[in-house]
Amino acid sequence: MSKKMLPELRATDVDRFLKLQAQMQELLARITAISSKAPDQVINKFKLAVINEQLNIANDILVGQARPFASFELFDEAALPSNSDVVVVLSQYLTCLENWRSEHIVWNSGDYSWKWNVDSKVIKTDPPRNRG
């Protein structure tokens, strides 16, 4: 099976993605912990603003079919979501971010490693987590 080659990324694209992925994983861990105690409690406005900031960046990266939900952009601050709602959305975004990462990495048979398909330097990465 041949992998469709996407255009190369810039190293700054990879840096932006890695920062986003790490921050969203941490947000998910924190909100999951809160949700396990109070799943139906609404999230506070400060946390929601931080989450929406990260979702906005994710929406810039995940375009078209790469997004988890066709009709979702950001949480509405006027109708605060519950903790469990936020967990569902963040987990779906993280899955889609991993799919995006998997599409932008390549196997280097020269040194038997996975690398980002970037234009200017070698950036090693973990193997894709979404392949069987």
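Side notes on the structure shown:
- A single member of VAL106, VAL42 is over 11 Å from the mean Cα position of the chain (by Cα) and more than 21 Å from GLU8 (Cα to Cα), and it is VAL42.
- Residue count for the range 5-45, restricted to those that are part of a helix (DSSP H, G or I), touching a residue at least 12 places away in the same chain (Cβ under 8 Å) and closer than 19 Å to LEU62 by Cβ: 11.
- Just one of the numbered conditions (1) charged (D, E, K, R); (2) in a helix (DSSP H, G or I); (3) at pLDDT below 90 is not true of ARG131: (2).
- Residue satisfying all of: in the range 66-93; among the polar types (S, T, N, Q) and outside any loop (DSSP other than H, G, I, E, B); farthest from the chain's Cα centre (by Cα) among these: SER82
The values are calculated or read from the model by the stated rules, or taken from the named source; none is laboratory data. Everything quoted here is computed from the prediction, not taken from an experiment. So basically every Cβ, Gly included, is an ideal-geometry build from the backbone, and we count neighbours across all protein chains shown.
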